[in-house]
Amino acid sequence: MTEQSEAHRQLSQPKARVYKNRGVVITLAASYEELEALSLVAVEPMWAKYPKTRQLWEALVNDPETRTNWDMANYMAVNKLGYNDHGMTHGIITSTNAIRIFDLLVEAGITPDVVVSGAGDLDDACLVTAIATLLHDIGNQVHRKYHEMLGVGLARDLLDRFMPGLYSDVEQRVELRAFILNAILTHDFDPPPLTFEGGLVGVADGTDVTKGRGRKAFDLGKVDIHSVSALAIDEVRLGPGKDFPVEITVIMNNSAGIFQIEDTLTKKVVRGPLSKWVTVTAVTQPADSQNDARIIERLTLKNGVFVAE
């Protein structure tokens, strides 16, 4: 069987939803895995609008090579650098959020670059956004430094294996691949995104800021403003806003969460192509509380770093 016909087979056959890692495994907080499950439920009603997106998305999620890319990216990011999750769960949560935001923007009459350019229709534009978000962090398996550029090369191999099963026209396939690779390269805004889809990938990446994602880094001993701020965020909600097509509402238990929101999310909203259409609101809960929830009770300096006790 040729490589292309194998890709056709993998894209056309129904898949059992096997989302868990098989080899190197990074144990995540239960609340973060619950968020992954809720994300899959939230995007389910939208799949009917975007069948090509769903086909490629599920093919990649169920592919052993793709899962291994996530496994190793997470091993380097979490175990070696003490960062929060950059693996499969992060990819699934952010990509489903990207689809939801995409759908809200399209419903508001905003036209993606893929459509404006003539490279494809709305389903193709959604595919570009969702797949770029799904794969945006796999370059971390080589190193965090230059992970965006490294991810471009790794993602291209996967795209060249799977995309022929959906796109027989070489010209369209290469055009859509270019949009995906551009969005992967620009998701951390260095260099800044040039397209609607690229800006959306960056924003979707910034929506995964809850304490579930940050728990692992904190438990491994990374006690700094990044990890503490992440633990201050309980939930991120997506929906239409009063004055903007999309409002991202961040629910905090402690005002320390503001740092994480600013550092990870709002700068990508303000500086990106979606600034006219997306806004962010941060609120603390419970609303009647006069005090923030305590995140840290005691810190002790050991070997030059703070350790929570």
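Just so it is clear, none of the values below were taken in a lab; they were calculated from the coordinates. As the structure is a prediction and not an experimental result, all values here were calculated from the model. As a convention, Cβ positions derive from the backbone with ideal geometry for all residues, glycine included, and neighbour counts pool all protein chains shown.
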Going by what's in this entry, would ASN69 be described as in contact with a Gly (Cβ under 6 Å, 6 or more places away or on another chain) and either closer than 27 Å to PRO273 by Cα or touching a residue at least 40 places away in the same chain (Cβ under 8 Å) (or both)? no
With segment 112-172 as the region, which helices (runs of 4 or more DSSP H) entirely inside it contain at least 3 residues that are within 30 Å of ALA77 (Cα to Cα) and in contact with a helix residue (DSSP H, G or I) (Cβ under 6 Å, 6 or more places away or on another chain)? 122-135, 147-162
